[in-house]
Amino acid sequence: MWAGEYLGLARRDEPQTWYVWDASGVWLGTVETPARFELMRVGRDEVLGSWRDLVDVEHPVVLGLGKG
């Protein structure tokens, strides 16, 4: 499960922190997504979303997940 605070439009220029647990409830850690990134789908090794540039043009993005 991924859980994060809703940032809304007022705070979308901030990175977002996601808190992650596995299916049995074991804490896995946190993931930070970039500012202006909207998370749409979580895969095993990547997340899919869209990122908006400074003139509000939307770009599809796949970000790899790794242990850091």
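A few comments on the model shown:
- Put in order of Cβ neighbour count within 10 Å, fewest first, the listed residues Leu54, Leu48 become Leu54, Leu48.
- Overall form of region 2-64 per C-alpha gyration tensor (a/c, 1.5; a/b vs b/c): oblate
Computed from the coordinates by the stated procedures, all read-outs in this text should not be read as laboratory data. Note that the coordinates shown come from a computational prediction; the quantities given were computed from them, not determined experimentally. When we count neighbours, we look across all protein chains shown, and the Cβ atoms used for this are built from the backbone with ideal geometry, even at glycine.
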